[in-house]
1. Identify the single condition in (1) crowded, with 16+ Cβ neighbours inside 10 Å; (2) outside any loop (DSSP other than H, G, I, E, B) that GLU30 does not satisfy, given that it satisfies every other one.
2. State which residue pairs qualify: first residue among the aliphatic types (A, V, I, L, M) and inside region 83-97, second residue at pLDDT 95 or above in any location, beta carbons under 7 Å apart, and separation of 6 or more residues or different chains.
3. Hand me the list of helices (runs of 4 or more DSSP H) wholly inside region 63-166 holding 2 or more residues that are in contact with a Leu (Cβ under 6 Å, 6 or more places away or on another chain).
4. Pick out the one residue from THR143, THR101, THR79, THR122 that is over 22 Å from ILE175 (Cα atoms), of a type in the set (Val, Ile, Thr) and touching a Cys at 6+ places or on another chain (Cβ under 8 Å).
5. THR171 passes all but one of (1) in a helix (DSSP H, G or I); (2) open to solvent by less than 40 Å² (accessible area, probe 1.4 Å); (3) more than 16 Å from LEU146 (Cβ to Cβ); (4) among the hydroxyl-bearing types (Ser, Thr, Tyr); which number fails?
6. Between residues in region 134-151 that are within 18 Å of ALA35 (Cβ to Cβ) and residues that are open to solvent by 90 Å² or more (accessible area, probe 1.4 Å), which pairs lie under 9 Å by C-beta distance while being six or more apart or on different chains?
7. Would you check if there is a residue in region 234-244 being touching a residue at least 60 places away in the same chain (Cβ under 8 Å), open to solvent by less than 20 Å² (accessible area, probe 1.4 Å), closer than 19 Å to GLY162 by Cβ and of a type outside the set (Phe, Trp, Tyr)?
Amino acid sequence: MRGSEAGGPAAGTRRTTRIHVVSDVHGNTEALARAGDGADALVCLGDLVLFLDYADHSRGIFPDLFGKENASRIVALRTARRYEEARAFGRELWAGRDRNTEIIGAVRRQYAELFAAFPTPTYATYGNVDVPRLWPEYALPGTTVLDGERVEIGGRVFGFVGGGLKTPMNTPYEISDEEYAAKVEALGPVDVLCSHIPPEVPELTYDTVARRFERGSTALLEAIRTTRPRYALFGHVHQPLVRRMRIGRTECVNVGHFASTGTPWALTW
């Protein structure tokens, strides 16, 4: 990363700070290893794990365990919002198997590679498909994990809120609206508000490929309106109706395209 390069700016010049931001990595380890190139720090907004790739049904923990055909079927049921049928189908597949042991084992294998790919320094929070209790085992020196916490980077205050809200998908790190709001409130005013999920704004929560609204946070929206950060950065919605919009003075940016593009979003000042 740039911060570790020898030398520095010429005397009398103002040094620019450059931060790269990624979200929804979903197993793209190769691109993650390059994501900090040229930056002073990397910010990761979660969803490291790839459980099931909705674009390529052969990728992820689910097809590794049950095959591409079954993965395609579960995707079709979920996309059609036939959640009860999807859950029943899942129960059939898991019958006689130790679901928790197999999934956690697969997540551990992914985390070992993904955390090793993080550059130094990295500031990260959890996505809704992540397993927070495992992160302390894999986060290396140079990776700071934050959730409901603040950190100063290059003279600006970044606040981090991890996880998602309760949904029929029942992903690993979904919490109540009240618990989520408490984490947002704990941040106070920040320059850059970082979260995995977006604020509750229709244009930012609608996924044009899945053809559904994902859950956004009213607490995030209220914090944007009242504390007026410079930026609100988030992911979660992979193909949003709108990737960028202003709410008052705050620039809201969806950076949740990393798995498919391998390109981080850059913030400089």
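1. Unmet for GLU30, out of (1) crowded, with 16+ Cβ neighbours inside 10 Å; (2) outside any loop (DSSP other than H, G, I, E, B): (1).
2. LEU93/PHE66; LEU93/ASN70
3. Numbers: elements: 68-79, 83-94, 99-117, 135-138.
Those helices (runs of 4 or more DSSP H) span 83-94, 99-117.
4. Details: THR143 fails: touching a Cys at 6+ places or on another chain (Cβ under 8 Å); THR101 fails: touching a Cys at 6+ places or on another chain (Cβ under 8 Å); THR79 fails: touching a Cys at 6+ places or on another chain (Cβ under 8 Å).
Going through THR143, THR101, THR79, THR122 in turn, just one is over 22 Å from ILE175 (Cα atoms), of a type in the set (Val, Ile, Thr) and touching a Cys at 6+ places or on another chain (Cβ under 8 Å): THR122.
5. So the condition that THR171 fails would be (1).
6. Matching pairs, first to second residue: VAL145/PRO136.
7. Initially, region 234-244 is screened for residues touching a residue at least 60 places away in the same chain (Cβ under 8 Å), giving 234-236, 238.
Then keep just the ones that are open to solvent by less than 20 Å² (accessible area, probe 1.4 Å); that gives 234-235.
When the remaining residues are screened for being closer than 19 Å to GLY162 by Cβ, the result is 234-235.
When the remaining residues are screened for being of a type outside the set (Phe, Trp, Tyr), the result is 235.
There is at least one residue in region 234-244 that is touching a residue at least 60 places away in the same chain (Cβ under 8 Å), open to solvent by less than 20 Å² (accessible area, probe 1.4 Å), closer than 19 Å to GLY162 by Cβ and of a type outside the set (Phe, Trp, Tyr).
The values are calculated or read from the model by the stated rules, or taken from the named source; none is laboratory data. This one's a predicted model, so the numbers in the text were calculated from it and none came from an experiment. Please note: Cβ atoms are built from the backbone with ideal geometry, for glycine as well, and neighbour counts cover all protein chains shown. SASA here: full protein model, heavy atoms, side chains in, ligands and nucleic acids out. Shrake-Rupley method; radii C 1.70, N 1.55, O 1.52, S 1.80 Å.
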